[in-house]
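Okay, so here's the structure we're looking at.
The values are calculated or read from the model by the stated rules, or taken from the named source; none is laboratory data. Since the model is a prediction, treat every value here as computed from it, not as a measurement. Positions of Cβ are generated from backbone atoms using ideal geometry, with glycine treated the same way; all protein chains shown enter the neighbour counts. For the accessible areas, the whole protein counts, side chains as well, though only heavy atoms, and no ligand, DNA or RNA atoms are used. Shrake-Rupley method; radii C 1.70, N 1.55, O 1.52, S 1.80 Å.
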Amino acid sequence: MSEAPAWIGPGLKTFEAATARISDPVLTLGRGWRWWIALAISLALTAVMIGGIVYALATGVGVWGNNTAVVWGFPIANYVWWIGVGNAGTLISSMLLLMNQPWRASINRMAEAMTIVAVSIAGLFPIIHLGRSLYFYWTAPYPNTMSLWPQWRSALVWDFWAILAYLLFSILFFYTSLIPDLATLRDRARRLWVKRIYGAFALGWRGSLRHWMLYRRYHRMMAALAVPLVCSVHSIVGLDFAVTLMPGWNESLFPPYFVVGALFSGFGMVVLLCIGLRQLPGLADMITDRHFDVMAKVMLASSCVMGLSYATEWFSSWYGSSPAEHRFLRFSFTGTYAWLFYLMLFCNVVAPQSLWWPAMRRRVPVVALVSLLILVGMWFERMLIILNTLSHGHLPSMWTVFMPTLDDFAVLFGSVGFFALLILLFTRFLPTVSIHEMRALLVDEGRA
Amino acid sequence: MTRAAIGSYADIECFRSALREAHRQGHIIHDAYAPMDMEEADELLGRQTGGIRRIALVAGLVVAALAYGVQYWSLFYSYSFNSGNRPLNSWPVFLLVPFEVGVFAAALAGLITFLVRTGLPRLNHPLFEIDAFDQVTQDRFFVALKASDEDAERATLQWLHASGAEQVWAVSL
C-alpha cells in the first residue's frame with residue numbers, strides 16, 4: 001500500500017465498480033436530454049463551419065479579412081491554435097507515462113481523443129486557406145509531367161509531413177491502448193450486434209499476460225517516440241514563421257516557445273474536458289480535485305515560461321539593431337492591436353498567476369476560468385504573432401490593418417462546435433476513461 | 001493442441017500466489033490472463049520482447065533514409081535549383097521530413113510486429129467457449145497450466161482448486 005495520498009476518490013473500491021461506471025454509459029442505448037441539447041448545438045455550429053468554408057471556397061479567400069499584406073489571418077491562427085490544443089493530449093499520454101505519473105490514468109484516454117480530433121480539425125485549415133484547396137497535394141512528391149518536386153526547404157512542406165505523421169501516429173497510439181477496453185465492452189454488451197462490433201475492433205483480445213507484456217513494450221515505445229514527435233511537429237509549426245525574414249518572426253526562440261504554448265493551451269482544453277467528464281455519474285472518483293491541482297501546476301509553470309518567452313522576444317527585438325524589429329516592437333505595444341496584446345498578456349501571464357495559491361488550484365471553478373482565459377489568450381497570441389508582423393513588415397508602404405469578417409468568425413466558432421461534436425460522439429461510443437489503467441491504479445493504491 | 005487445466009480467481013492476491021506456487025512447483029504455465037497489465041508476472045511467464053522495438057527501429061531508420069534519399073535525389077539529379085544560395089544538399093532542413101515519417105514508420109512497424117507476435121486478430125479461441133471467461137476483461141484472473149495426459153490433468157485441476165480457484169475447466173488449447 002503506498003503512503004502517498006490517493007489519486008482515486010473514496011467511493012471507488014472495486015474493479016467491477018470502475019468497469020461499470022466507465023462502460024455502462026457506453027453500452028446503454030438512451031442518452032439524457034443534456035447530451036441531446038449539446039449535440040444539437042454542436043451540429044448547428046458544425047453546419048455554420050461547413051457553410052463558412054463552402055462559401056469561402058466558392059467565392060474566394062477575399063471573403064476573409066486576409067489582404068495583400070496580412071496574407072495569413074484567421075485560418076492560420078486557427079491551425080496553430082488547434083495543433084497546440086492537440087499536443088497536450090499526446091504529452092499527457094506519453095510524457096507522463098514515461099515519467100510514471102499515476103494521475104494520467106484517468107485523463108489520458110480523453111486527452112488522446114482530444115488530440116486526434118484537434119489535429120484533424122487543425123489539418124483542415126492549411127487546406128482551406130489555400131483558396132484553391134484542390135491543389136494542396138502539390139506539397140507531396142507526386143509523379144507529374146513537369147518534373148516538379150515540392151520545395152523541401154519550405155516549412156510548409158515539412159508541415160504536410162509532420163501533421164500527417166502526427167495524426168496517423170496518434171490514431172495508432174489511441175487504438176492500441178483502446179483494444180483491451182474494447183474487449184471489456186465486447187464482454188459486457190448484451191446485444192449481439194453491439195458485441196460483434198466491439199469484438200471485431202477488439203481483435204479477439206483475451207487478456208493474456210503474454211500479450212500484456214508485448215502491449216507494454218509497444219506502448220512504452222510509442223510513448224518514447226511520441227514525445228520527440230510532438231516537440232518536432234510543433235517546432236515545425238513554429239518554423240513556419242521562424243524560417244522567414246519578417247520582423248518579429250525571425251527568432252530561434254520560436255520552436256520551443258510554440259511547443260510550450262501548445263502544452264499550455266492544450267492543458268487548458270484538457271481541464272475543461274475533464275470538468276465535463278466529471279459530470280458523468282461515478283467519474284468524480286476518478287478525476288479528483290487533486291488532478292486539477294496538478295494540471296493547474298503544469299499550467300502555472302507553462303505560463304511562467306511563456307512570460308519569459310515574451311520577455312526574451314521583446315529583449316532580443318530591442319537589443320538588436322534592426323530598425324524593422326524596433327518598429328515591430330513599438331507597434332506591438334502601442335499600435336492598432338495593442339489592446340489585444342494587453343488582453344493576451346493578461347490571459348496568458350497574469351491570470352494564471354492566481355494558481356500559485358493552493359486554495360485557488362483546488363477550486364475547480366477557478367481552474368476552469370483560468371483554463372478558459374488561457375485558451376482565449378493563446379488564440380489571441382497566435383493571431384497577434386500573425387497580425388503584428390504582417391501588418392507592420394519591412395516595407396512601410398505595405399502597412400495595413402487587418403479586419404476580420406463574418407466568415408472568419410463563422411469558421412472559427414464553427415470549428416469549436418465541430419470539435420464538441422466529435423468529442424460528444426467519442427463519449428457516446430467509446431470508454432472515456434482507460435478502464436484497464438484504472439484497474440492497475442486501484443491495485444497500486446491497495447484498493448482491489 | 002495442448003491440454004490445459006484452467007482455474008479462475010476473483011482475488012488478485014490469490015491469483016498472484018497461485019501463479020508463484022505453480023511456477024515454484026514446476027507446473028508448466030501455458031499462460032495467465034488478467035484484466036490489466038501485471039508486470040510482476042513477467043518473470044514467471046518468461047520475459048518476451050517480441051523484437052518489437054528492434055523491428056520498429058530498423059523500419060524507422062530505413063524509411064527515414066528513403067525519405068532523405070528522395071529529397072537528395074530530387075535536388076541533385078531530378079530538378080536542381082538554387083534557392084537562396086543554399087547548398088543542393090541542404091542536410092539540416094532535409095532531416096525534418098525523414099524524422100517525421102521515420103517515427104510514423106517505426107510506430108506502424110511496431111504495431112504490425114505486435115499483431116504478428118500476439119496472433120491477433122483471433123476472433124475465436126477455445127477459451128471463449130468458457131462462459132465465465134467473459135469476466136477476464138472485467139474482474140477475474142485465469143491461469144492455464146499444461147497437462148500432459150488425463151491423469152496429470154486431473155491432478156492439476158485438483159491443485160488449482162486447492163490454490164483457491166473459484167472454478168476449474170479442462171480445455172484443449
- Task: Sorted from largest down, give the three principal axis spans of the alpha carbons of the stretch A:115-156, whole angstrom values.
- Result: 36, 21, 16
- Task: Return the loop-located trypsin sites (Lys or Arg not before Pro) in the stretch B:1-105 (DSSP other than H, G, I, E, B) with at most 12 other Cβ atoms within 10 Å of their own Cβ; answer none if there are none.
- Result: B:Arg47
- Using a Förster distance of 51 angstrom, determine the FRET efficiency expected from the C-beta separation of A:Trp356 and B:Arg154, and round it to 0.05. 0.15
- Message: I need the peptides A:214-226, A:231-243 ranked by packing, meaning the mean over residues of other C-beta atoms within 10 angstrom, with the highest value on top.
- Response: A:231-243, A:214-226
- Message: To make sure I understand the rule: partners must be aspartates and glutamates, Cα under 14 Å from the Cα of B:Lys146, and not fewer than 8 residues away in the same chain. Which ones qualify?
- Response: B:Asp31
- Query: Can you give the translational diffusion coefficient of chain B in µm²/s, computed by Stokes-Einstein from the Kirkwood radius over Cα pairs at 4 °C and 1.567 mPa s?
  - Reply: 65
- Note on the structure: Taking the convex hull of the alpha-carbon atoms of the stretch A:324-397 and averaging its shadow over every direction gives an area in square nanometres of 5.2
- Got a sec? Which residues of the stretch B:7-42 lose 30 Å² or more of accessible surface with every protein chain in place, vs. that chain alone, 1.4 Å probe? B:Ile12, B:Asp31, B:Tyr33, B:Ala34, B:Pro35, B:Met36, B:Asp37, B:Asp42
- Item | Once the Cα gyration tensor of the stretch A:268-334 is diagonalised, semi-axes √(5λ) in Å | 42, 12, 6
- Message: If you build the convex hull over the alpha carbons only and average its shadow over all orientations, what do you get for the stretch B:54-149? Give it in nm² to one decimal.
- Response: 11.1
- Pop a pseudo-label 7 angstrom from the Cα along the beta-carbon direction at both B:Ser80 and A:Trp399 and give the gap in nm to one decimal. 4.5
- Query: With Rg and the Kirkwood Rh both taken from Cα atoms, where does Rg over Rh land for the protein assembly as shown?
  - Reply: 1.02
- Query: Based on Cα positions only, what radius of gyration and what Dmax would you give for the stretch A:292-429, in angstroms?
  - Reply: 18.1, 58
- Task: Would you mind checking the tilt of helix A:108-128 against the longest principal axis of the Cα atoms of chain A, expressed as 0 to 90 degrees and rounded to 10?
- Result: 30
- Pairwise burial B:A, computed as accessible area of each alone minus the pair, summed, 1.4 Å, Å²: 5700
- To the nearest 10 Å², what's A:Lys13's accessible area with a 1.4 Å probe? 120
- In Å, what Rg and Dmax follow from the Cα atoms of the stretch A:233-354? 17.7, 60
- Query: In square angstrom, what is the accessible area per residue of chain A with a 1.4 angstrom probe?
  - Reply: 39
- the stretch A:210-270 pair-distance distribution - Cα-Cα, 5 Å bins, rounded %: 4, 17, 17, 16, 14, 11, 8, 5, 3, 2, 1, 0
- Task: Please report how far the C-alpha centroid of the stretch A:1-76 lies from that of the stretch A:229-298, rounded to the nearest whole angstrom.
- Result: 16
- Residue separation times 0.36 nm, minus the C-alpha to C-alpha distance between A:Lys13 and A:Arg196: what's the value? 62.9 nm
- Item | Equivalent ellipsoid, the stretch A:239-304 (semi-axes from 5 times Cα gyration tensor eigenvalues, Å) | 35, 12, 6
- Item | For the stretch A:77-197, diffusion coefficient by Stokes-Einstein and Kirkwood Rh (Cα), 37 °C, 0.692 mPa s, µm²/s | 195
- Query: In debye, nearest 20: dipole of the stretch B:18-137 around its Cα centre with unit charges on the Cβ of K, R (+) and D, E (-)?
  - Reply: 760
- If you roll a 1.4 Å probe over the stretch A:184-283 with all protein chains in place, what percent of the accessible area is carbon or sulfur? 69
- Query: How far, in nm, would the chain grow between A:Ala140 and A:Ser252 when pulled straight, counting 0.36 nm per residue and subtracting the alpha carbon separation?
  - Reply: 37.6 nm
- Taking N as the number of residues in the stretch A:179-308, what value does Rg over Cα atoms divided by 2.2 N^0.38 Å take? 1.48
- Write down the radius of gyration of the stretch A:148-236 and its Dmax, each obtained from C-alpha positions, in Å. 18.0, 57
- Query: Helix hunt in chain B: which complete DSSP H runs extend at least 20 Å axially by C-alpha with mean Kyte-Doolittle at least 0.5?
  - Reply: B:52-73, B:96-118
- Would you calculate the separation in nanometres between label points at B:Asp42 and A:Thr68, each defined as 7 Å from the Cα along the Cα-to-beta-carbon direction? 6.5
- Task: Would you calculate a helix-derived [θ] at 222 nm for chain B, using -39,500 (n - 2.57) for each DSSP H run of n ≥ 4 and dividing by the full residue count, to the nearest 500?
- Result: -14500 deg cm²/dmol
- Message: As I understand it, the value is the acute angle between the Cα axis of helix A:209-242 and the longest principal axis of the Cα atoms of chain A; what does it come to in degrees, rounded to 10?
- Response: 10
- Regarding the stretch A:180-223, what are the three Cα extents along the principal axes, ordered largest first, in Å? 36, 19, 12
- Taking chain A and counting helices only, DSSP H stretches of n ≥ 4 at -39,500 (n - 2.57) each over all residues, the nearest-500 ellipticity at 222 nm comes to -23000 deg cm²/dmol
- Message: Run the paramagnetic zone check for A:Leu43: 7 angstrom along Cα to Cβ, then residues of the stretch A:387-421 with backbone nitrogen under 15 Å.
- Response: A:418, A:420-421
- Message: How much of the pair distance distribution for the stretch B:1-103 lies past 16 Å, counting alpha-carbon pairs only, in percent?
- Response: 71
- Message: Let me see the P(r) profile for the stretch A:83-132: every Cα-Cα distance counted, bins of 5 Å, each bin given as a percent of all pairs.
- Response: 5, 23, 23, 17, 12, 8, 6, 4, 2, 0
- Query: For helix A:254-278, what angle does its Cα long axis make with the longest principal axis of chain A, in degrees from 0 to 90 and rounded to 10?
  - Reply: 40
